[in-house]
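Visitor: Take this structure first; my questions come after.
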Amino acid sequence: MSVNKVMVIGAGQMGSGIAQVFAQAGFEVKLNDIADESLNKGYARIEKLLSRNVEKERMIEQEKENALKQISTTTKLEDANDCDLVIEAVVENMDVKTKVFKQLDDITPKHAILATNTSSLPITDIAAVTERPSQVIGMHFMNPVPVMKLVEIIRAIQTSDETYQLIEETTKKLNKNPVEVNDYPGFVSNRVLMPMINEAIYTVYEGVAEPEAIDEVMKLGMNHPMGPLQLADFIGLDTCLYIMEILHEGFGDSKYRPCPLLRKYVSAGWLGKKSGRGFYVYE
Ligand code: NAI
């Protein structure tokens, strides 16, 4: 089997990026969302990014047109009835995701693979609500999708080798690098990243150093392109807290306890760049 037709569900920040990279690689893509407005916004975002690539001479006009021609938009999930692969990128909510997967299980052809872009929910639990758990897998793209090379491919305990191999092959066709990971809280990316961010916040909390100093140490000393506190502000402190809670609950290990200062910032509505204030102030 090979993948030709793809549906991406959720036309938000991630879904529009995923649709774009599939279209650029020549796949036929249906972009789905429950809201017309989100669909229009998502499509406009793709057009804008492709146009910017043309302006910067990273691609020619014809390549942009070719990519756009590959994408159609729909609010009907039923349009997944001829797709070989569906990638779900709706809001990070287990009830919403499992509802979508149950519907997809009825709608899509028997051979279709159902993937989720979740960054924190258990793939094994999502697979378990379908009648085809061996064909369910995590495809965790990084933000911004058109730029970042990594796709963390997460195998649920039920995922078959055939499913994994096909998704690995498909990821390479997107000119991305697949990395194989098993389904445990935080996978690898957030399990390693978030405790580092949380520790940086503890370092502020305990008065060891100012945020600027901590970021400077990590940038200049460890060659990180961005310090952990600036990165936390970009990700959103509410998202950081939520993922620490998933790690803490999932492993029951106190080493994952969220820093009280992180909780306090989130309670204050200091969520980082998106709210204008986090560890730094954004005008
Ligand atoms: P977003 O809020 O930008 O987009 C979500 C979209 O899903 C919205 O357009 C919404 O209208 C749509 N939607 C909601 N329920 C739906 C349904 N039942 N059917 C169809 N569409 C529906 O969210 P974002 O940031 O794109 O995140 C999507 C997923 O990707 C989440 O699971 C998130 O955890 C994951 N993720 C996010 C990353 C990020 O940096 N934002 C990074 C990696 C993964």
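Visitor: Which of the residues belonging to region 210-233 are assigned to a helix (DSSP H, G or I) and exposed (fewer than 15 other Cβ atoms within 10 Å of the Cβ)? I'd like the intermediate steps shown before the answer.
Guide: First, the residues of region 210-233 that are assigned to a helix (DSSP H, G or I): 211-222, 228-233.
Of everything in region 210-233, those that are assigned to a helix (DSSP H, G or I) and exposed (fewer than 15 other Cβ atoms within 10 Å of the Cβ) turn out to be 212, 213, 216, 220, 221, 222.
Visitor: Further question on the same structure: Is it the case that region 130-139 has a residue that's of a type in the set (Ser, Thr, Tyr), out of contact with any helix residue (DSSP H, G or I) (no Cβ under 8 Å at 6 or more places or on another chain) and assigned by the TED database to the domain that holds residue 12?
Guide: Within region 130-139, none of the residues are of a type in the set (Ser, Thr, Tyr), out of contact with any helix residue (DSSP H, G or I) (no Cβ under 8 Å at 6 or more places or on another chain) and assigned by the TED database to the domain that holds residue 12.
Visitor: I've got another one for you. For residue 117, are the conditions met, namely being in the same structural domain as residue 158 (by the TED database) and exposed (fewer than 14 other Cβ atoms within 10 Å of the Cβ)?
Guide: Details: in the same structural domain as residue 158 (by the TED database): yes; exposed (fewer than 14 other Cβ atoms within 10 Å of the Cβ): no.
No: the conditions fail for residue 117.
Visitor: Among what's in region 28-53 and is free of Cβ contacts under 8 Å to residues at least 60 places away in the same chain, more than 13 Å from the ligand (Cβ to nearest atom) and not β-branched (Val, Ile, Thr), pick the residue that is surrounded by the fewest Cβ atoms within 10 Å (Cβ to Cβ).
Guide: Ranking the candidates gives 48 first.
Visitor: Go through (1) in contact (Cβ under 8 Å) with a residue 40 or more places away in the chain; (2) over 20 Å from the mean Cα position of the chain (by Cα) and name the single condition residue 91 misses.
Guide: Of everything listed in (1) in contact (Cβ under 8 Å) with a residue 40 or more places away in the chain; (2) over 20 Å from the mean Cα position of the chain (by Cα), residue 91 misses just condition (2).
Visitor: I would also like to ask the following. Given 21, 6, which one is away from the ligand (no atom under 13 Å from the Cβ), farther than 11 Å from residue 75 by Cα, touching a residue at least 12 places away in the same chain (Cβ under 8 Å) and assigned to a strand (DSSP E or B)? First the steps, then the outcome.
Guide: Numbers: 21 fails: assigned to a strand (DSSP E or B).
From the options 21, 6, the qualifying one is 6.
Visitor: If a residue has to be within 9 Å of the ligand (Cβ to nearest atom) and either in contact with a helix residue (DSSP H, G or I) (Cβ under 6 Å, 6 or more places away or on another chain) or closer than 13 Å to residue 6 by Cβ (or both) to count, how many in region 98-115 make the cut?
Guide: Residues of region 98-115 within 9 Å of the ligand (Cβ to nearest atom): 99-100, 103.
After this cut, where a residue has to be either in contact with a helix residue (DSSP H, G or I) (Cβ under 6 Å, 6 or more places away or on another chain) or closer than 13 Å to residue 6 by Cβ (or both) as well, the list is 103.
Within region 98-115, residues that are within 9 Å of the ligand (Cβ to nearest atom) and either in contact with a helix residue (DSSP H, G or I) (Cβ under 6 Å, 6 or more places away or on another chain) or closer than 13 Å to residue 6 by Cβ (or both) number 1.
Visitor: Do we find that residue 160 is at pLDDT below 95 and not assigned by the TED database to the domain that holds residue 194 in this structure?
Guide: Values: at pLDDT below 95: no; not assigned by the TED database to the domain that holds residue 194: yes.
For residue 160, the condition - at pLDDT below 95 and not assigned by the TED database to the domain that holds residue 194 - is not met.
Visitor: Where residues in region 131-163 are among the hydroxyl-bearing types (Ser, Thr, Tyr) and crowded, with 19+ Cβ neighbours inside 10 Å, which of them is nearest to the ligand (Cβ to nearest atom)? Steps first, please.
Guide: Start the filter on region 131-163 by keeping residues that are among the hydroxyl-bearing types (Ser, Thr, Tyr), which leaves 134, 159-160, 163.
Cutting the leftovers down to crowded, with 19+ Cβ neighbours inside 10 Å gives us 159, 163.
Numbers: 159: 18, 163: 20 Å.
The extreme case among them is 159.
The values are calculated or read from the model by the stated rules, or taken from the named source; none is laboratory data. Quick caveat: nothing in here was measured; it's all calculated off a predicted structure. Because the Cβ atoms are built from the backbone with ideal geometry, glycine has one as well, and the counts that use them run over all protein chains shown.
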